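Student: Below is a structure I'd like to ask you about.
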Amino acid sequence: MTNSSGNGRWSRREVALGLLAAPFVLSTAARAQSSAKYEFGVAGIDPIYSAPYVAFKKGYFKEAGVDVGYLNSQSGPRTKQILTAGQVLIGSSGVNDALATTVAGKPTTVVFGLDRRITYANILIRKEDAAKYKSVKDLSGQRLAVTQLQSATWLMAVFIAEKGGAKDVDIRGLGDFATMLGALKSKQVAATIATSAMLEQMKGEDWAVPLFSIGDDSSWKSTFGGDVPGIGCYVLQEQIKKNPAAIQAVVSGLVKAQDLINASTPEQLTELLHEDYMSSLPKATVTSGLTFYKQNVFSKDNIITEENYANLADIIKDRQFTPEQMAKIPYKQAINMDFVRKARTA
């Protein structure tokens, strides 16, 4: 680059123009960096995902300095798939999905915890059978419905049955939750694994009752020992190296959303979120679900501790993963709470 006169000297006018141009060049580069667009895959339509819903609705991601688009990724398996394909920066589904992705050879880390109790660790029975099945042990030799074998619902069925002393339970993979409820109602099975939303739905229909509920503190603690992370937000470990600022901004937005959830009533949250994110569910169901989640499920600080993770590891080891596979997912590899802690101390 030379000056306009070609004599190696710069006039005052040229120096001034250069100084004026420098901020423009820098600001253009900054805008180019901040204009990067990322996607956030949320695996379902359920009040459990209220933190990302709130962050999108209130514009908290943009406030934190990152442009993030909402994608309903529809399921845990699909969320894993699009994350590993690089189609989303961050995904939200079962913590098990992140662990399975690592075991499959694509190291993945949970950076934000949504809950402290697994929302699908409930068992429903028919109300007419309540006198027959008084405890999980009474399901010995009976049929129990799950979504599919080796799935997260299957894992909960196996674990709760073992802890409850039930022997020879015939676990049947039946597909979606509606089919599972249908099989229970038609007496094809004695019980079904159920989400918390299914428990709330049955309160209105009054033909099924919980045999095991995550809302029962005594049953939960005697079976699971303490808090267990069920749903989380996770990223590829390679993205933590490539885009730490973007991940920090996303987590900061989620933390701000969680703080709003903590300070809001279920009714206020329903009004904020129902139309845009959960319109396929009746408003009353959303409010009821949020009431239950705020009382029993939501993590108020979004931290997954080493003890919480150990409780989860006790469930999955020798059931879902071999000892060799478990060695690939120690706490420090599977969980990174640095982004949450930074957001909460900012």
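Student: Of the residues that make up the stretch 81-97, is at least one closer than 26 Å to S222 by Cβ, assigned to a helix (DSSP H, G or I) and either open to solvent by 30 Å² or more (accessible area, probe 1.4 Å) or modelled with pLDDT of 95 or more (or both)?
Tutor: no
This table checks each residue for (1) β-branched (V, I, T); (2) in contact with a strand residue (DSSP E or B) (Cβ under 8 Å, 6 or more places away or on another chain).
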site	(1), (2)
Q148	no, yes
S151	no, yes
F159	no, no
V169	yes, yes
G173	no, yes
G182	no, no
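Student: Return the only residue of A197, A178 being at pLDDT below 90, within 23 Å of the chain's Cα centre (by Cα), open to solvent by 40 Å² or more (accessible area, probe 1.4 Å) and not hydroxyl-bearing (S, T, Y).
Tutor: A178
Student: A follow-up question, please. Search the stretch 156-172 for residues that are touching a residue at least 12 places away in the same chain (Cβ under 8 Å) and pair each with any residue that is of a type in the set (S, T, N, Q) and assigned to a helix (DSSP H, G or I) when their beta-carbon atoms are under 8 Å apart and the residues are at least 6 apart or on different chains.
Tutor: Listed by first residue and then by second, the contacts come to F159/T223; I160/T223; K163/S222; K163/T223; G164/T223.
Student: Follow-up question, since we're still on this one. Assuming S75 fulfils every condition listed in (1) under 12 Å from the mean Cα position of the chain (by Cα); (2) closer than 26 Å to T270 by Cα; (3) in contact (Cβ under 8 Å) with a residue 40 or more places away in the chain; (4) open to solvent by 10 Å² or more (accessible area, probe 1.4 Å) apart from one, which condition is it?
Tutor: Of everything listed in (1) under 12 Å from the mean Cα position of the chain (by Cα); (2) closer than 26 Å to T270 by Cα; (3) in contact (Cβ under 8 Å) with a residue 40 or more places away in the chain; (4) open to solvent by 10 Å² or more (accessible area, probe 1.4 Å), S75 misses just condition (3).
Student: Testing G141 on (1) in a helix (DSSP H, G or I); (2) at pLDDT 95 or above; (3) of a type in the set (G, A, S), one condition comes back false. Which one is that?
Tutor: (1)
Student: Could you list all residues from the stretch 130-175 that are open to solvent by 40 Å² or more (accessible area, probe 1.4 Å) and at positive phi?
Tutor: G141, Q150, D168
Student: Which one is most open to solvent (accessible area, probe 1.4 Å), of the residues in the stretch 223-267 that are among the acidic types (D, E) and either touching a strand residue (DSSP E or B) at 6+ places or on another chain (Cβ under 6 Å) or in contact (Cβ under 8 Å) with a residue 60 or more places away in the chain (or both)?
Tutor: Per the stated criteria, the residue is E238.
Student: Between residues in the stretch 301-326 that are open to solvent by less than 60 Å² (accessible area, probe 1.4 Å) and residues that are of a type in the set (S, T, Y) and at pLDDT 95 or above, which pairs lie under 7 Å by C-beta distance while being six or more apart or on different chains?
Tutor: Y309/Y331
The values are calculated or read from the model by the stated rules, or taken from the named source; none is laboratory data. Remember, it's a predicted structure, so these values are computed and weren't measured experimentally. Here the Cβ is made from the backbone with ideal geometry for all residues, glycine too, and neighbour counts use every protein chain on show. Accessible surface is based on the protein model in full, side chains and every heavy atom, while ligands, DNA and RNA are left aside. Shrake-Rupley method; radii C 1.70, N 1.55, O 1.52, S 1.80 Å.
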